[in-house]
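The values are calculated or read from the model by the stated rules, or taken from the named source; none is laboratory data. From a predicted model like this one, the values you see are computed outputs, not experimental measurements. Every residue, glycine as well, gets a Cβ built from its backbone with ideal geometry; the counts of neighbours run over all protein chains shown. For the accessible areas, the whole protein counts, side chains as well, though only heavy atoms, and no ligand, DNA or RNA atoms are used. Shrake-Rupley method; radii C 1.70, N 1.55, O 1.52, S 1.80 Å.
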Amino acid sequence: MKAAQNTSMWDDLLRILPGYDPFIDSEGYYFDEEAALRVIGFAETLTHIKGELAGEFLVLEEWQKGYLANLFGWKKGDPDNPKEDDPRRYTESLLFIPRKNGKALALNTPIPTPDGWTDMGDLSKGDVVFDENGEQCSVVDVTEVMHDRPCYRVSFADGTSIVADENHEWQVAFFESIGIKTTKELFNCDSCCSYFIPNNMALKKFKANSGMMGRIEIVDMNEIVSVEPVESVPVKCIQVDSPSHLYLAGRGMTPTHNSFLASCICLYMFFCDGELGAEIVCAAFEQNQARLVWDVCRHQINANPDLKGACKTFQHSIVIDGIASTLKPISAESRSAHGFNLHCAVMDELHVQRDDELVVALQTSMGSRKQPLMIHITTSDYERESVCNKIYDYAKQVMDPNSKVVDPTFLPGIYEALITDDWTIEETWKKANPNYGVSVRPEYLQKMCEKAKNDPTFENEFKRLHLNIRTEQSVRYLQMADWDKCGGVVEKESLLGRACSGGLDLSINEDLSAFVLVFPNDDGGYDILPKFYSPRERALARKKKYGVDYLAWAKQGFITLTEGDVIDYDFIMEDIRKASELYNLVDVGYDKWNAEHFRQTVEAEGICRMVEFPQNFSSMNEPMKTMVSLLRETKINHGGHPVLRWNASNLMAKTDPNGRVRPIKQKVEQKIDGIVAMIIGIGRAMFGEVVQASVYESGNGILEI
């Protein structure tokens with residue numbers, strides 16, 4: 001071995017990680033360049049398993065070399081007397097990098113399921129589809145609907161076709177080899193018609209699993225006859241839990257495909273670290289996510305004759321018999337993390353972990369190892385208490401030479417934009433994405449950025465997932481800075497006799513209900529007058545369980561408490577009666593689902609007209625978007641009501657394939673009743689007529705005539 005007395009030739013590479021200098025606090029440690037070269041050399045003996053480079057040796061980017069050189073090159077010991085068994089310096093690391101490009105199919109792509117055909121756009125997490133062998137598998141993740149993606153129509157010899165975006169991956173056969181190619185790569189290939197989709201025995205097995213397949217011709221290979229650009233359409237991607245992550249798509253039953261540095265680390269620790277009985281785990285919150293890295297390891301082993309001959313691969317583990325070492329996937333779902341004696345754990349998508357239980361279990365299982373290694377890989381979490389944010393904050397302190405935290409054994413590899421950076425420019429995108437122009441395509445980020453500029457529901461997602469900026473909430477709909485600018489005093493006396501519309505959101509006899517009056521003003525906007533209601537016993541319980549102090553708000557006059565553990569609707573009805581007497585109350589919008597009896601009583605007593613206003617895309621889209629525009633223009637005056645502000649901060653938006661939105665909340669404790677009532681009130685003030693629900697949103701999509 002050779003300890004680097006003069007590391008000048010390595011200095012730039014070792015300092016390549018943003019904001020981190022490994023030479024600070026390095027007393028008692030030294031850099032072993034042979035160890036660094038060994039891990040880099042090992043990584044570049046592995047091969048690509050996807051895309052046009054499938055089968056070719058990996059070539060590391062400079063930042064990847066720098067990360068691996070730091071991680072494995074630094075040793076603890078005397079640089080003047082280095083020893084072969086000196087342990088590594090780093091025992092824990094955070095690799096904080098944004099998401100790569102997405103891959104997707106058109107929403108109308110037919111997907112076979114055990115219950116018959118369904119469209120890609122209708123698939124949800126938990127649905128069952130089929131893998132390339134005709135075996136049932138579950139949808140474990142679904143992306144948002146993506147727009148403005150370059151799309152191609154891939155046509156096959158059996159007469160079927162599929163529209164996919166340019167980055168969608170296909171398992172294809174060419175002569176005697178099978179690999180992965182993107183749609184764009186197929187389009188650019190001179191001999192695309194020589195590629196086949198290997199169906200194996202999928203159709204035969206699918207016929208046995210589903211009674212509706214009798215009319216489908218059974219083929220083992222389906223030739224690609226053309227790949228043609230088409231006008232962009234909305235697309236969506238699913239992830240399945242099949243071992244290969246392939247699933248069948250299209251009427252021709254085409255198998256289609258759903259991390260690299262992490263797998264290099266796992267395989268190096270498994271094969272090359274010299275640890276007897278090494279236990280290596282690929283960990284994640286869900287088992288399917290844990291298998292992603294493990295499956296890459298498996299594929300790379302199968303593509304390397306030397307590695308393949310040195311181990312045995314099973315369905316859920318890879319084993320080296322001679323030294324009793326194992327490589328397994330593990331998840332928080334399995335509850336089996338205890339009892340390990342781990343040498344290395346790679347935790348993927350740390351931000352998804354609901355608590356620190358799995359992380360702590362893995363960390364505490366490494367106590368008896370001489371040089372264990374814990375790697376956390378993740379994109380940014382949103383602003384909340386989480387194990388991801390805790391480890392990120394710790395890593396940032398390690399990076400700060402002025403911090404009180406001194407930990408020379410923790411390696412931070414953090415690629416991010418700052419909240420103060422201009423998120424709309426290419427310089428910022430490059431800063432946050434070390435593989436910009438390689439696996440992260442500039443044109444993709446450009447299109448995602450344009451979408452974020454025009455869609456407030458997507459801006460935070462773009463910042464968090466593509467720039468690693470910690471945002472306030474994953475898909476918060478409102479910018480609270482805009483909201484707070486509209487908090488001027490609402491003079492109730494000035495509202496007397498003015499025309500207004502009401503919005504009503506009733507809870508199921510418990511927790512929070514809201515009645516909001518919306519007054520058109522001379523600025524082309526609205527003055528808002530909200531009222532909230534909660535049963536007293538529920539208010540007490542909410543404070544204990546969630547820390548939301550309804551009682552304090554009630555003392556300040558912002559919530560009306562009714563006795564008992566269910567809301568007394570008579571209080572709400574009386575406030576509507578008073579409003580009809582004080583103001584020119586045109587009507588009150590309500591959601592039929594939970595207020596029909598209330599409506600009948602109000603109208604029977606002649607209090608005011610009640611108008612159905614369903615909480616669906618057709619009804620809510622326009623008033624929601626109008627509310628955002630008016631808030632930006634400071635044309636809404638809500639009086640700074642604290643309960644309404646809390647509701648506004650919890651507001652999320654669900655988007656349909658047509659780009660329409662409706663209000664949702666992320667968690668049960670994050671109430672949005674007041675802001676929903678306000679949106680309904682704005683809708684009534686805007687439309688002045690009954691908003692009819694679309695037949696396609698009524699439940700069964702059947703119109704009776």
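Listed values, structure above:
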{"item": "Those residues of the range 389-407 which are assigned to a loop (DSSP other than H, G, I, E, B) and under 26 Å from Gln353 (Cβ atoms), in sequence order", "result": "Asp400, Ser403, Val405, Asp407"}
{"item": "Residue satisfying condition, being within 30 Å of Val235 (Cα to Cα), of a type in the set (A, V, I, L, M) and at pLDDT below 90, within set Ala595, Ala653", "result": "Ala653"}
{"item": "All positions within the range 524-542 that are surrounded by 17 or more Cβ atoms within 10 Å (Cβ to Cβ) and either assigned to a strand (DSSP E or B) or among the basic types (Lys, Arg) (or both)", "result": "Tyr526, Asp527, Ile528, Leu529, Pro530, Lys531, Phe532, Tyr533, Ser534, Pro535, Arg538, Arg542"}
{"item": "Qualifying residue in the range 236-257 (condition: within 30 Å of the chain's Cα centre (by Cα), in a helix (DSSP H, G or I) and at pLDDT below 80)", "result": "no"}
{"item": "Looking only at the range 467-476, and only at residues there that are in contact with a helix residue (DSSP H, G or I) (Cβ under 6 Å, 6 or more places away or on another chain) and at pLDDT 85 or above, the one that is surrounded by the fewest Cβ atoms within 10 Å (Cβ to Cβ)", "result": "Ile469"}
{"item": "Some residue of the range 300-323 being in contact with a Gly (Cβ under 9 Å, 6 or more places away or on another chain) and in a helix (DSSP H, G or I)", "result": "yes"}
{"item": "Selection within the range 581-608 - under 43 Å from the mean Cα position of the chain (by Cα), open to solvent by 30 Å² or more (accessible area, probe 1.4 Å) and not polar (S, T, N, Q)", "result": "Val586, Asp591, Lys592, Trp593, Glu596, His597, Arg599"}
{"item": "Verdict on Leu350 being under 21 Å from Tyr90 (Cβ atoms), modelled with pLDDT of 95 or more and in contact with a Cys (Cβ under 7 Å, 6 or more places away or on another chain)", "result": "no"}
{"item": "Among (1) of a type outside the set (Ser, Thr, Tyr); (2) under 35 Å from the mean Cα position of the chain (by Cα); (3) modelled with pLDDT of 95 or more, the one test that Ala539 misses", "result": "(3)"}
{"item": "Criterion: of a type in the set (A, V, I, L, M, F, W, C), closer than 30 Å to Tyr394 by Cα and modelled with pLDDT under 85 - qualifying residue of Ala4, Ala69, Ala43", "result": "Ala4"}
{"item": "Within the range 353-377, considering residues that are farther than 20 Å from Leu276 by Cα and assigned to a loop (DSSP other than H, G, I, E, B), the one least open to solvent (accessible area, probe 1.4 Å)", "result": "Gln353"}
{"item": "Check on Asn621, within 25 Å of Lys667 (Cβ to Cβ), buried (at least 18 other Cβ atoms within 10 Å of the Cβ) and either touching a strand residue (DSSP E or B) at 6+ places or on another chain (Cβ under 7 Å) or not hydrophobic (A, V, I, L, M, F, W, C) (or both)", "result": "yes"}
{"item": "Cβ-Cβ under 6 Å pairs, at least 6 apart or on other chains, the range 543-556 side assigned to a helix (DSSP H, G or I), far side surrounded by 14 or more Cβ atoms within 10 Å (Cβ to Cβ)", "result": "Tyr550/Ser534; Tyr550/Ala539; Tyr550/Arg542; Tyr550/Ile559; Leu551/Ala539; Trp553/Ile559; Trp553/Val643; Ala554/Leu561"}
{"item": "Cβ-Cβ under 8 Å pairs, at least 6 apart or on other chains, the range 630-650 side aliphatic (A, V, I, L, M), far side in a helix (DSSP H, G or I) and open to solvent by 10 Å² or more (accessible area, probe 1.4 Å)", "result": "Leu631/Asp482; Ile636/Leu630; Val643/Trp553; Ala648/Met480"}
{"item": "Per-region count, the range 284-312, residues under 22 Å from His48 (Cβ atoms), surrounded by 15 or more Cβ atoms within 10 Å (Cβ to Cβ) and not hydrophobic (A, V, I, L, M, F, W, C)", "result": "7"}
{"item": "Selection count, the range 387-396, where residues are crowded, with 20+ Cβ neighbours inside 10 Å and within 16 Å of Tyr90 (Cα to Cα)", "result": "2"}
{"item": "Pair list, Cβ < 9 Å and 6+ apart or interchain, from the range 528-540 residues that are over 19 Å from Tyr583 (Cβ atoms) to residues that are assigned to a helix (DSSP H, G or I) and small (Gly, Ala, Ser)", "result": "Ser534/Ala554; Arg536/Ala554; Ala539/Ala554"}
{"item": "Candidates Val406, Val438 - the one that is open to solvent by 20 Å² or more (accessible area, probe 1.4 Å), hydrophobic (A, V, I, L, M, F, W, C) and out of contact with any helix residue (DSSP H, G or I) (no Cβ under 9 Å at 6 or more places or on another chain)", "result": "Val438"}
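Here's the yes/no breakdown for (1) at pLDDT 90 or above; (2) open to solvent by 30 Å² or more (accessible area, probe 1.4 Å):
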| residue | (1), (2) |
| --- | --- |
| Glu385 | no, yes |
| Val398 | yes, no |
| Cys449 | yes, no |
| Asp484 | yes, yes |
